[in-house]
1. If a residue must be more than 8 Å from chain A (Cβ to nearest Cβ) and surrounded by fewer than 22 Cβ atoms within 10 Å (Cβ to Cβ), how many such residues does segment B:217-228 contain?
2. Just to be sure, is A:ALA21 within 14 Å of chain B (Cβ to nearest Cβ) and out of contact with any His (no Cβ under 6 Å at 6 or more places or on another chain)?
3. Just give me the residues in segment A:129-146 being crowded, with 17+ Cβ neighbours inside 10 Å and within 18 Å of the chain's Cα centre (by Cα), in sequence order.
4. Working only within segment A:153-168, note down all residues that are among the aromatic types (Phe, Trp, Tyr) and in contact (Cβ under 8 Å) with a residue 12 or more places away in the chain.
5. Only one of these is over 23 Å from A:VAL57 (Cα atoms) and either away from every other protein chain (no Cβ under 13 Å) or touching a Ser or Thr at 6+ places or on another chain (Cβ under 6 Å) (or both): A:ALA106, A:ALA196, A:ALA177, A:ALA149. Name it.
6. Considering only residues that are farther than 18 Å from B:PHE209 by Cβ and of a type in the set (D, E, K, R), look in segment A:236-287 and name the one that is farthest from the other protein chains (Cβ to nearest Cβ).
7. When segment A:33-55 is examined, which residues are found to be at pLDDT below 90 and part of a helix (DSSP H, G or I)?
8. List pairs: first residue in segment B:223-238 and free of Cβ contacts under 8 Å to residues at least 40 places away in the same chain and in a strand (DSSP E or B), second residue among the small types (Gly, Ala, Ser) and surrounded by 23 or more Cβ atoms within 10 Å (Cβ to Cβ) anywhere in the structure, Cβ distance under 6 angstrom, at least six positions apart or on different chains.
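The values are calculated or read from the model by the stated rules, or taken from the named source; none is laboratory data. Remember, it's a predicted structure, so these values are computed and weren't measured experimentally. Note that each Cβ is placed from the backbone with ideal geometry, even for glycine, and that neighbours are counted across all protein chains shown.
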Amino acid sequence: MDYIVAILLPQMLHGLVFGAALGLLALGLTVVFGLLGVMNIAHGELFMLGAYFGIVVIGLTQSFWMALILAPLLVGVVGALMEMFTLRPLYKREPLYGLILTFGLALALREIVREIWGGDMRRILEPITGSVPLLGMIYPRYRLFLLAASLLLLLAIWLFFTKTRAGIIVRAAVQDAEMLDGLGVNVPRVFTLTFAGSAALAALAGLLLAPVFTVVPTMGVEMILLAFIVVILGGMGSLGGSVLAALVIGQAQSLFSLWMNPQRVAIAIFAIMIFVLIVRPRGFFGREGVLE
Amino acid sequence: MAVSRAVSVAVALVLALAMASPAPAQETIKIGDLGSKVGVFEGYGKYQTMGAVLAVEELNAKGGVLGKKLEVVSEDDDTKPGPAVRKAEKLILQDGVKLLIGAVSSGATMAVMDVTKKHKVIHWNSISCAEFMRTTKYHPYYFSNQPDSRMQANGLVKYVLDKMGKKVYIFYTDYAMGQSDGRQFKTALEKLGGEVVGVAGAPLDTKDFTPWFGAIKASNPEVLFLAFAGTDSLRLMTQLHSFGMTKQYKLAGIDCFLLQQDLPAIAEPMEGFVQLNHFSPYNPDKDMQAFTERFKKRWGVVPNMATGSYDGVLFWAEAVKKAGSFDADKVSKALEGMCLDNTHIGRQCIRPEDHQMVMDMHLYRIEKGKNTPIARIEGKDSIGEPMVGKDPVEGFTWELKKK
């Protein structure tokens, strides 16, 4: 009993915090894949840009909260430009082109950031400091805020896709873009806005996680790998699947850490992914045919 | 394409010209300063430079060495063995350094030892602490005034067992330095009757340590022994503190855990932390105070354990004078057994057998962001027997001995 309260529960809470934040990152990835058919390798760099733009805004306004609003908007603009000027010409070609393009964009963005801000590690101070007693342990307030913010955002995204007209149009575009075009919807604009939204979401995740981790040009690389695993596990293009998979990965990472060195946990996570890919290639909720 | 070709042709021409022109008569003798100047260990690398430059300026003010002025050439090694080797070769072959100080990371230093051995250049280590450098990797041109892991463990363990607790969890940074510190600490602790209740390594530059915390709590230690350095330590302490674990356990760590400069920023998490160190600007020792004054006057900041490079330059210069030559074999011989009075911690001597400085160390407790001395450990009690060529970790295992 003591073991459950003192060890297991806190560890599961760590996993939940991390999983929820990972879910934010993976959601954008999976929406873009579902809609544009592009596996956006540069998604991790948009995550990283969120943190750097956040540093700039914090420098100008001294406010983390302003940064939390402005940085994702700015990164959203970057995303929109990326979609309009680089991805759009490639839609009619094989998916491989998009993969290679975004891989190149990722390298370029990382090096541009290194050029502007340098390769040194930077920190963003936690806007909410201190810790609170919780379930017999001590937990940092900021991580609880991170959890609440991530869960609220996930809920908001779910409401957006199910309850708003704009969200329903995006889902319709995922199903059949040509039909939507025939119905008089400006589909290219839907694509651009969706990509921009996904970029903004990545940026938001980057900035929310920045006080816990640290800000370096390569911070996206470490996260994007996990986000890809989440998207594959959840089922390419499936929103619910991605959220579920992110929470599963978060729990797997922190619970396995109790019994093996967290360094080796990455192997276990890959093992889960390989297993799922063999047994059920479409992932938890993936559409048939995407990877089968 | 045409432009880049034109540029490369131009570069090649310039290089060819530079190589073809006769070398100017060497006015100055160069000293290489190699290590982490950016990234996770940049603090150490930058203070290493300051220490070396201060010594060079003091020597130059007195006319240099054998009538030649000295000059420091600094290089960053990206905290990795590969780049460290390339930069060491650049310093030796291109700049012609007669003394190479560095590197910061133990992994890089050990890799550089192969280079200094091959090219016969005096190699001074003043920060790295893996146990292989004065044992299996030892070569006659290598010298160190940094207490290695074995020396640190010998110095720290007795205090931990007497004053802090018997049940210890060892948490280390998983590369040469941390592994070495973890091993030596475990060996020394078990020898004196302590119990290691758990061990774990975290990769260099870990961002989030919370996945490790569950296992630490589950093993229920009294003392957490931490072998981390640089920004890793900074993040680890901040996270331990925010989860209430700095209050829950007694904490002890290695000398390079955090530099004095980093302490005020995380004074609260570090309060009560016991750290072994050979130097602190807050030690009332008169030699340390005198050095601190000179250092502060030159650089505007207080020195720390990473400024031992100062002694490296002084010892080398004294040996060159004694040998009357810059020849590495002669200088190496002159350095063996040499003692100097004016180092950054007062009188020190080099042990001839393994070229290790026999350094007195202190235990410090961190109080309000300052390293305050609580006990002195004689160098002769902690240095251990010379083990040149012998495996310092023979028979070692990470397995826990259940009590």
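1. As a first pass, look at segment B:217-228 and keep what is more than 8 Å from chain A (Cβ to nearest Cβ): B:219-228.
Now drop any that are not surrounded by fewer than 22 Cβ atoms within 10 Å (Cβ to Cβ), which leaves B:219-220, B:222.
Looking only at that region, the number is 3.
2. Working: within 14 Å of chain B (Cβ to nearest Cβ): yes; out of contact with any His (no Cβ under 6 Å at 6 or more places or on another chain): yes.
Judged against the criteria, A:ALA21 is a match.
3. A:ARG143, A:LEU146
4. Quick first cut of segment A:153-168, residues among the aromatic types (Phe, Trp, Tyr) only: A:158, A:160-161.
Selection gives A:TRP158, A:PHE161.
5. Details: A:ALA106 fails: over 23 Å from A:VAL57 (Cα atoms); A:ALA196 fails: over 23 Å from A:VAL57 (Cα atoms); A:ALA149 fails: over 23 Å from A:VAL57 (Cα atoms).
Answer to the check: A:ALA177.
6. A:ARG287
7. A:PHE33, A:GLY34, A:LEU35, A:LEU36
8. Qualifying pairs under 6 Å: none.
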